Ligand SMILES: [Ca+2]
Ligand SMILES: [Ca+2]
């Protein structure tokens with residue numbers, strides 16, 4: 001029973017990600033400085049930091065985050 005519950009939870013998490021249900025920028029920005037570091041962004045499962053960082057300055061702004069999660 002326990003072994004069946006874990007994959008079900010993972011499947012559910014994956015399906016919500018594909019539905020575009022990403023966390024709010026302010027929730028991910030742990031220190032509230034208005035930009036996401038690689039560490040902060042790594043808390044978002046399935047988020048491609050390098051792809052989202054459009055100007056490659058090592059941080060993801062709100063604009064870059066929104067563009068990334070909206071595809
Ligand atoms: Ca931050
Ligand atoms: Ca950037």
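Multiplying the sequence separation of residue 31 and residue 57 by 0.36 nm and subtracting their Cα-Cα distance, what value in nm do you get?
Once the chain is fully extended between residue 31 and residue 57, it gains 7.6 nm.
How large is Rg over Rh for the stretch 22-71, taking Rg from the Cα atoms and Rh as the Kirkwood inverse mean of 1/r across Cα pairs?
With Rg and the Kirkwood Rh in hand, the quotient comes to 0.89.
Read the figures in this text as sums done on the coordinates, not as results from a lab. These numbers were taken from a predicted model, which means no experiment stands behind them.
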